[in-house]
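The values are calculated or read from the model by the stated rules, or taken from the named source; none is laboratory data. Nothing here was measured: the structure is a model prediction, and the numbers come from that model. Every residue, glycine among them, receives a Cβ derived from its backbone with ideal geometry; neighbour counts consider all protein chains shown.
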Amino acid sequence: MEKNIIIKVCMGTGGVASGGEEVLAKFREMITESNLNAKISSNCHAQKVGCRGFCSKDVLVDVIVDDVKTTYKHIKPDMVERIFNEHVINGVPVNEWLAGPEYNNFHDKQTKVVLSHCGDIDPEDIDSYIAVGGYNAAKKAVLEMAPEEIVNIIKNSNLRGRGGAGFPTGLKWELGLRIKSDVKYVICNGDEGDPGAFMDRSVMEGDPHSVIEGMIICAKATQSNSGYIYVRAEYPLAVKRLQMAIEQCLMKNFLGNNIFGSDFSFDLKIFQGAGAFVCGEATALMRSIEGKRGMPSPKLWRSAERGLWDKPTVLNNVETFANVPKIILNGANWYRKLGTERSGGTKVFSLSGKVRNTGLVEVPLGISLREIIYDIGGGIEGGKNFKAVQTGGPSGGCIPAELLDTEVDYESLARAGSIMGSGGMVVLDENTCMVNTAKFFLEFTQAESCGKCTPCRIGTKRMLEILERITSGKGKDGDIELLEELGNHIRATSLCGLGMTAANPVLSTLKYFRDEYIAHIKEKRCPAAVCRDLITFTIIEELCKGCGSCKRVCPADAIRGTRKSPHRIDKELCIKCGSCFDACKFKAILKV
Amino acid sequence: MEEVVKINIDGKEVEVPAGINLIDAAEIAGIHIPNLCYMKGMKGVGACRLCLVEVEGLKAPVIACNTKVRDNMIVKTKTERVQEVRKFVIDLLLSMHPLDCMTCTKSGICNLQKYAYEFELKESSFTRKKFGYPVDAANPFIKRDPDYCILCGRCVRVCKEQGTNVLDFMGRGIESKVVTANDRPLQESECTFCGSCVDACPVNALLEADRWRKGREWEYEKYNSVCMLCGCACEIKVSVREGDIQKINSGAKDGSVEKYLCAYGRFGFDSLRAESRLSTPLKRVNGELKETTWEDAINIVSTKLKEAGKNTCIISSASITNEDAITLKRFATEVLKTQNIGSTISLYSDPKVFKNSGKADINSSDLIIVIGLNLSQWDRVLPAIDAAVRKRVNRGAKLIVINEAETGLSTVASINLRGNEIESIKAIITALKQSGAEIDKQTEEYLSDVREITEEITKSAGMILNAKSPLILVSPELFNAASNLALIKGDIIAVYPESNARGVALMGIETESKSYAEMTDSKYSLLYIAGNVPLQNRPDTDFLIVQNSYMNDIAKNADIVLPVAEYLETSGTIIDYAGRIKHLNRAIDSHGKSKSHREIFREIAKKMGTTLKMPVESEIKKAADVKAKISAMPFEKTKNLHFEPDKFIETLNLTVINNSRLIWLKEAFEVKAEK
């Protein structure tokens, strides 16, 4: 019997960054150039696949021998030869490099709908997508279904906008269909900009055709003949793969005139954003496509009535579109049952921060935060204590340990003072200062404010200044109240979502971690020992062995002492970089 | 009938037109909703967040500038909640503001100051910051000081709406800034220094460059008047302090597309105090012009006029008031009994055109057809009309440009019909006829050999049929041909270079025997030139009287020079291109010993033994009230009109340009053109 061998090398952004291209090249070289037996080389091929989510273990490589999949982690080009010789040729996996149970646990607890093909198919090859059933849904929608029928399925599926606000997708499409116009647009919002979020990027890079297929179905449902995918230029790989996908679709007549041989036409273009966070806001995004400065405008009309160039426009997020083909194929009920009563389906999160398994996870809505962080994420790194989880990026909030059993859906997260958002999930441990975390997010929003409306432009800056003051030990009585006042006013008066939610990280940390703010202001102390101006480093004489490691790494030359006798830190010179703290093997340095 | 809705604002029941926004509706109810970024006539952008109001039935406050009235709406504009957030917004703005109201030129008219006062904010409750941005003061017209800017975007929007497109935002967040392309000084951009941004700025970020210590708003006497420098005849508001003009702003109604004033009209007033301004009568003694008294001058003039009698020839400018024109007409017919009286009008138009030119408000037209006009803000060819057309287009009107070659307006037109204008008009009329429009029989007769009906022509005809109130703006030479189109639908207005051509023509100064060109070329024993005419060399005449405000080339060649008050020193009326009577109000005293045209004519007449009747309002109204009669006309250009509007307007304004800071502008543009 000849063995059928497929080698899949992860070439998402993480995979490429970790050397995926070299690994793949090495495998291909081994296959073609090594003096192998001809039977193997003719039945063995290596391919690139998109992100499978577990980026911290990249480069991940699957070796599939006759449908038996073995996954390796942290593969470097120089490891390829051994895998090839031992596993591919001789059939014995290299045990010490296997990804192991951790990898399987990470995936087993997930429900993959959007990501079902990510990491499995070659994103640069349309046939690879077609082989797993791709474009069947679009074909069905275009050839067999009436627009109303599609709209009804989407409505019944309970799919809600995955960009963050959670507007029911079916309702949006229904309005889009109802408005009559000579020109209508479908736009895919791929301007993912939250710090720590990479869900949309992974989908666009790992399974670009699913997004395009979703858009085709939307176009048919809303009777629109042209569309745009708005991708930020900072995602060159996504742009490249989407472009390839569009070209392949044109060749197959899945896009263009009379698609699938029907009388329906759909033209799709990519528009690259210049990297302004605010362009993820629908009205700003449309202005940007129009060639204007990306600034939100007040909504006198819904986009479905007047959007791009004042024409009816249905705009959805990447993930929303990627869900659509599966809903069409598997039915509304199947999808609805995956989620909660009010929100159907699954949601992809980028799990990052102080969690053991960082990466991309897809879970059914209604799962608890605890399950995501502990069961999938493997708990907190280094055995530390969990402190909070930040969801929803700069527009979201921090949820504390006591609310870990909160269900993940739009309403529950909002009740907890945060938002679902686009899917960023940053886990914070006991060593995280919450004031500093709030400051980090506010630094981001105030810099990304478009500057149009007063509260967001000036208000966020003023909040940031207060936070800077607090974290540098200059906080004053009344600062907490001022922050709350500012935050509430900015929320109430801002023009767009960016401003309205800008204060969330501050308001939610004030709600759950007020004592940390008080410690900073009143005691001039940072409980997590993070805020540099509030901490001191001291060497505990009894523990110091006089090894000199700390002295060697100190960039400020602030450590004095002779070998084998206790060292001392000159507080005047110390710049509080923490290098000595990290370098000390005897835990002799005290950071308070 | 306009549709109205009933709303309740702060307990007041009012009926307002349907479709207007809450700020305008509240204004009708006599309630002011605070705002910094709203501009009447333009879409609300919701940037300042000051106009938040509560509407019954809605959870959160809404911005009034962008909320339309609905029937039975109950609006509260002064609830505790909205007052609190308004105060918050002002507080934030103050935290980025210099707060130097005690020396700020804008004090007294600054909206930020007004609201800070209203909300009892002596200073910001937040840390105050200042960027210390450099001031752009490299030109003599407009000073830009970004440190005062509150980012309301009004300047950006007016500049964009009128199509000048010089200003925009740059940067993000707190570092957002209003800039020209690449943040270069204004003169390195496409700026025309019209100063619309200055009129729009609610604070001290954009201001007339020379205003420092020239008084503040409450120190000025204000006069509404009219700019007489070109055929736009823009309404102006003149600010006067201690007998001198300190600034001129656009005087048009807020929200009107005619709210515009070009650099000439706004900044040209320094020429009033220029050295070349004539302050006393001059007479030629031994070949040189010497100062003399009015008594002497009038003696000489009346003697000379008596001698010349019917052989006197008078040429008048069309930039004089109706009152001056009517007096001149009387002077010629009653005193001199000469028929040799003409004006500069015949250079660019058949005076009959003004009897038939219509009346219309460009603000209410939904389709504008511009025929044979090279309007341009940049070349200052009727710049206010150019701006008004562009604004109408930005507010939703359609534009058809019919012109021999491409013009500036072509870029914003819905349809451009290039090539021979007459042929295009004929083709459109034919297309209208094919679509079933009723065509005048006479027109049909004139309509022969029509060229091919292109798709664009059909589209143009469709636009005309669909429009509610089309407006045709046409050059005088094409007026007759275009009349045929207006006969089918729409208003027609002739547009021309001099401010009161229509008034001067209607007051009876029109060529009865010879044209301007013929008069200046023939030999008369006495030539009397009243006002500013584009003549440089002395025509062949025994005696030349020049009655002008400046010592220009023709005045230098005169035998007698009589100094005339400028338009800012005169009262009176004019009739603008759209047929509206506009009032001039004397803002300052006449320069030196200069007098108005009509005073001079009356004094001469008196010396010659006739007391001329003073012009009265009713006779001007009567003369102006012509029933425009549009009739079918042959498709021909009016012959013998040779003039280039840009050169003509520049020549007319040469004295103003050369004797004011406008000379800087001219030089800067010449330098730019060389590059």
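Is it true that some residue in the stretch B:66-73 is more than 14 Å from chain A (Cβ to nearest Cβ), surrounded by 21 or more Cβ atoms within 10 Å (Cβ to Cβ) and modelled with pLDDT of 95 or more?
Checked the stretch B:66-73: no residue is more than 14 Å from chain A (Cβ to nearest Cβ), surrounded by 21 or more Cβ atoms within 10 Å (Cβ to Cβ) and modelled with pLDDT of 95 or more.
Do you know which residues across the stretch A:525-573 are outside any helix (DSSP H, G or I) and among the polar types (S, T, N, Q)?
Those that are outside any helix (DSSP H, G or I) and among the polar types (S, T, N, Q): A:THR536, A:THR538, A:THR562, A:SER565.
Among the residues of the stretch B:1-33, which ones are closer than 26 Å to B:ASP199 by Cβ and surrounded by 24 or more Cβ atoms within 10 Å (Cβ to Cβ)?
If the condition is that a residue be closer than 26 Å to B:ASP199 by Cβ and surrounded by 24 or more Cβ atoms within 10 Å (Cβ to Cβ), then B:LEU22, B:ALA25, B:ALA26, B:ILE33 are the ones that fit.
Just checking, how many residues over the stretch A:455-483 are closer than 29 Å to B:CYS149 by Cβ and touching a residue at least 24 places away in the same chain (Cβ under 8 Å)?
Residues in the stretch A:455-483 being closer than 29 Å to B:CYS149 by Cβ and touching a residue at least 24 places away in the same chain (Cβ under 8 Å): 11 in total.
Tell me whether the stretch B:136-146 contains one or more residues that are of a type outside the set (Val, Ile, Thr), touching a residue at least 40 places away in the same chain (Cβ under 8 Å) and within 14 Å of another protein chain (Cβ to nearest Cβ).
Yes, because at least one residue in the stretch B:136-146 is of a type outside the set (Val, Ile, Thr), touching a residue at least 40 places away in the same chain (Cβ under 8 Å) and within 14 Å of another protein chain (Cβ to nearest Cβ).
Considering each of B:ARG502, B:ARG538 in turn, give the residue that is within 21 Å of B:ILE649 (Cα to Cα), surrounded by fewer than 23 Cβ atoms within 10 Å (Cβ to Cβ) and touching a helix residue (DSSP H, G or I) at 6+ places or on another chain (Cβ under 9 Å).
B:ARG538 is the lone residue from the list that is within 21 Å of B:ILE649 (Cα to Cα), surrounded by fewer than 23 Cβ atoms within 10 Å (Cβ to Cβ) and touching a helix residue (DSSP H, G or I) at 6+ places or on another chain (Cβ under 9 Å).
Could you check, for the stretch A:75-83, whether at least one of its residues is within 17 Å of A:ILE121 (Cα to Cα), crowded, with 18+ Cβ neighbours inside 10 Å and modelled with pLDDT of 85 or more?
no
Does the stretch B:22-30 include one or more residues that are more than 14 Å from chain A (Cβ to nearest Cβ), in a loop (DSSP other than H, G, I, E, B) and under 29 Å from B:TYR260 (Cβ atoms)?
For the stretch B:22-30, residues more than 14 Å from chain A (Cβ to nearest Cβ), in a loop (DSSP other than H, G, I, E, B) and under 29 Å from B:TYR260 (Cβ atoms): present.
Please verify whether the stretch B:464-478 includes one or more residues that are buried (at least 17 other Cβ atoms within 10 Å of the Cβ) and charged (D, E, K, R).
Keep residues of the stretch B:464-478 that are buried (at least 17 other Cβ atoms within 10 Å of the Cβ), which gives B:464, B:467, B:470-478.
With charged (D, E, K, R) added as a condition, the list becomes B:477.
Among the residues of the stretch B:464-478, at least one is buried (at least 17 other Cβ atoms within 10 Å of the Cβ) and charged (D, E, K, R), which makes the answer yes.
Count, please, the residues in the stretch A:290-349 that happen to be farther than 24 Å from A:ILE179 by Cβ, among the acidic types (Asp, Glu) and out of contact with any Gly (no Cβ under 8 Å at 6 or more places or on another chain).
Result for the stretch A:290-349: 1.
Quick one: how many residues across the stretch B:74-110 are among the hydroxyl-bearing types (Ser, Thr, Tyr) and within 14 Å of chain A (Cβ to nearest Cβ)?
The number of residues fulfilling the criteria is 2.
Going by what's in this entry, would A:ASN95 be described as at pLDDT 85 or above and of a type in the set (S, T, N, Q)?
So A:ASN95 fits the description; yes.
Do any residues in the stretch A:138-152 that are touching a residue at least 40 places away in the same chain (Cβ under 8 Å) have Cβ atoms under 8 Å from those of residues that are not in a helix (DSSP H, G or I), where the two are at least six apart or on different chains, and which pairs are they?
Once the first residue is touching a residue at least 40 places away in the same chain (Cβ under 8 Å) and sits in the stretch A:138-152, its partners that are not in a helix (DSSP H, G or I) give A:ALA138/A:PHE254; A:VAL142/A:SER262; A:VAL142/A:PHE264; A:LEU143/A:SER262; A:PRO147/A:GLN223.
Can you pull out every residue in the stretch A:446-477 that is touching an Asp or Glu at 6+ places or on another chain (Cβ under 8 Å) and more than 8 Å from every other protein chain (Cβ to nearest Cβ)?
If the condition is that a residue be touching an Asp or Glu at 6+ places or on another chain (Cβ under 8 Å) and more than 8 Å from every other protein chain (Cβ to nearest Cβ), then A:LEU464, A:ILE466, A:ARG469, A:ILE470, A:THR471, A:SER472, A:GLY473 are the ones that fit.
For every residue, the table says whether it meets (1) buried (at least 20 other Cβ atoms within 10 Å of the Cβ); (2) outside the structural domain of A:GLY193 (by TED's automatic domain parsing); (3) under 18 Å from A:GLY359 (Cβ atoms).
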position	(1), (2), (3)
A:ASN385	no, yes, no
A:ALA388	yes, yes, no
A:GLY396	yes, yes, no
A:ILE399	yes, yes, no
A:THR406	no, yes, no
A:GLU411	no, yes, no
A:GLY423	yes, yes, yes
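Out of all the residues in the stretch A:247-273, which are closer than 21 Å to A:VAL318 by Cα and aromatic (Phe, Trp, Tyr)?
Within the stretch A:247-273, A:PHE254, A:PHE266, A:PHE271 meet the criteria.
Please list, ordered by residue number, the helices (runs of 4 or more DSSP H) wholly in the stretch B:419-501 having 3 or more residues that are among the basic types (Lys, Arg).
So the answer is none; nothing clears 3.
Looking only at the stretch A:76-91, how many residues end up being in contact (Cβ under 8 Å) with a residue 60 or more places away in the chain and under 30 Å from the mean Cα position of the chain (by Cα)?
Here the count works out to 0.
With the condition kept exactly as written, say whether any residue in the stretch A:496-510 is in a helix (DSSP H, G or I) and over 28 Å from the mean Cα position of the chain (by Cα). Outline the logic, then answer.
Taking the stretch A:496-510 and keeping what is in a helix (DSSP H, G or I), we get A:497-502, A:504-510.
Restricting the remaining residues to those that are over 28 Å from the mean Cα position of the chain (by Cα) gives none.
Taking every residue of the stretch A:496-510 in turn, none turns out to be in a helix (DSSP H, G or I) and over 28 Å from the mean Cα position of the chain (by Cα).
In the stretch B:157-192, which residues are of a type in the set (Gly, Ala, Ser) and either more than 10 Å from chain A (Cβ to nearest Cβ) or surrounded by fewer than 16 Cβ atoms within 10 Å (Cβ to Cβ) (or both)?
Applying the first criterion (of a type in the set (Gly, Ala, Ser)) to the stretch B:157-192 yields B:163, B:171, B:173, B:176, B:181, B:189.
Passing the criteria: B:GLY163, B:GLY171, B:ALA181, B:SER189.
How do the pairs read when you match residues in the stretch B:644-667 that are within 19 Å of B:PRO497 (Cβ to Cβ) and not assigned by TED's automatic domain parsing to the domain that holds B:LEU535 with residues anywhere that are of a type in the set (Gly, Ala, Ser) and surrounded by fewer than 19 Cβ atoms within 10 Å (Cβ to Cβ), using Cβ under 7 Å and keeping only pairs 6 or more apart or on different chains?
Note: pairs meeting the criteria are B:THR655/B:SER276.
Within the group B:PRO615, B:PRO634, which residue is assigned to a loop (DSSP other than H, G, I, E, B) and farther than 30 Å from B:SER239 by Cα? It would help to see each step written out before you state the result.
Numbers: B:PRO615 fails: farther than 30 Å from B:SER239 by Cα.
Going through B:PRO615, B:PRO634 in turn, just one is assigned to a loop (DSSP other than H, G, I, E, B) and farther than 30 Å from B:SER239 by Cα: B:PRO634.
Any idea which residue in the stretch B:51-65 is surrounded by the fewest Cβ atoms within 10 Å (Cβ to Cβ), counting only those that are more than 8 Å from every other protein chain (Cβ to nearest Cβ) and within 19 Å of A:ARG491 (Cα to Cα)?
B:LYS59
Given the stretch B:252-350, what helices (runs of 4 or more DSSP H) lie entirely inside it while holding 2 or more residues that are outside the structural domain of B:ARG538 (by TED's automatic domain parsing)?
Values: elements: B:263-267, B:294-308, B:322-330, B:345-348.
Filter on the stretch B:252-350 gives B:263-267.
Working carefully through the options B:ALA384, B:ALA405, B:ALA360, find the one that is outside any loop (DSSP other than H, G, I, E, B) and not acidic (Asp, Glu). If you could, list the steps in order and put the result at the bottom.
Working: B:ALA405 fails: outside any loop (DSSP other than H, G, I, E, B); B:ALA360 fails: outside any loop (DSSP other than H, G, I, E, B).
Testing whether each residue is outside any loop (DSSP other than H, G, I, E, B) and not acidic (Asp, Glu) leaves just B:ALA384.
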